[in-house]
1. Evaluate the stretch 54-73: report whether one residue or more is closer than 13 Å to Ala24 by Cβ, out of contact with any helix residue (DSSP H, G or I) (no Cβ under 6 Å at 6 or more places or on another chain), part of a loop (DSSP other than H, G, I, E, B) and not hydroxyl-bearing (Ser, Thr, Tyr).
2. Among the residues of the stretch 3-30, write down those that are surrounded by fewer than 20 Cβ atoms within 10 Å (Cβ to Cβ), at pLDDT below 95 and within 23 Å of Tyr60 (Cβ to Cβ).
3. How many residues, within the stretch 31-49, are of a type in the set (A, V, I, L, M, F, W, C), part of a strand (DSSP E or B) and open to solvent by 10 Å² or more (accessible area, probe 1.4 Å)?
4. Among the residues of the stretch 53-79, which ones are polar (S, T, N, Q) and open to solvent by 20 Å² or more (accessible area, probe 1.4 Å)?
5. Could you say whether any residue in the stretch 14-32 is of a type outside the set (Asp, Glu) and under 18 Å from His109 (Cα atoms)?
6. Within 30 Å of Gly15 (Cβ to Cβ), open to solvent by 30 Å² or more (accessible area, probe 1.4 Å), in contact (Cβ under 8 Å) with a residue 24 or more places away in the chain and in a strand (DSSP E or B): does that describe Val93?
7. When you scan the stretch 80-90, how many residues do you find that are of a type outside the set (Ser, Thr, Tyr) and buried (at least 17 other Cβ atoms within 10 Å of the Cβ)?
8. Please go through the stretch 96-124 and give me each residue that is more than 21 Å from Pro14 (Cα to Cα) and open to solvent by 70 Å² or more (accessible area, probe 1.4 Å), ordered by number.
Amino acid sequence: QVQLVESGGELVQPGGSLRLSCAASGRTFSTYAMGWFRRAPGKEREFVATINYSGAFTAYADSVKGRFTISRDTAKRTLYLRMNSLKPEDTAVYYCAARRSTSSSQSDHEYDYWGQGTQVTVSS
C-alpha cells in the first residue's frame, strides 16, 4: 500500500511559478512510475506529466510542455512538479498518482494509488 500526500498548491498570478510536492509512504516508491494529473472545474481529469521509476524518462501533455517539469527524489520519496509561466487555464486540482510498474503512463486508468489533490489557482 502506498499513500500519497500532495502539497504546494496556492493562488498565483499569471506568469508566476509554483512547485508541487507529493510525499509517498512505503519502500516501493523507487520501483513505481509516477504521474501528475489535474481536474479543472467542470472538466474531466486530464494527464499532465509522467516519470518512470528511475527518472530517466518523462513525458508531458502538449498544453504544459516547455513550462512544467516533473522530477523525483528517491531518497526523500517525493515527486515534484515545477510549474513556470502559469496561465489561468492551469487552474485545477492537481493529483499525483503511483503506478505499480516501472514504466510511465499517460492513462489515469493505469495508476493504482492517488493522492487527495492540491488546489492551484492562477488569477490576477
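The values are calculated or read from the model by the stated rules, or taken from the named source; none is laboratory data. Computed from a predicted model, the values in this text were never measured in an experiment. Heads up, the Cβs are rebuilt from the backbone with ideal geometry, glycines too, and the neighbour counts pull from every protein chain shown. The protein model used for the area step is the full one, side chains on, heavy atoms only, and it has no ligands, DNA or RNA in it. Shrake-Rupley method; radii C 1.70, N 1.55, O 1.52, S 1.80 Å.
1. Looking only at the stretch 54-73, we keep the residues that are closer than 13 Å to Ala24 by Cβ, and these are 72-73.
Those still in the list that are out of contact with any helix residue (DSSP H, G or I) (no Cβ under 6 Å at 6 or more places or on another chain) too: 72-73.
Then drop every residue that is not part of a loop (DSSP other than H, G, I, E, B), which leaves none.
No, that holds for no residue.
2. Listed by number, the list holds a single entry, Ser30.
3. 1
4. The first filter runs over the stretch 53-79 and keeps only residues polar (S, T, N, Q), leaving 54, 58, 63, 69, 71, 74, 78.
Result: Ser54, Thr58, Ser63, Thr69, Ser71, Thr74.
5. Yes.
6. yes
7. Residues flagged as of a type outside the set (Ser, Thr, Tyr) and buried (at least 17 other Cβ atoms within 10 Å of the Cβ) within the stretch 80-90 amount to 4.
8. Of everything in the stretch 96-124, those that are more than 21 Å from Pro14 (Cα to Cα) and open to solvent by 70 Å² or more (accessible area, probe 1.4 Å) turn out to be Arg100, Gln106, His109, Glu110, Trp114, Gln116.
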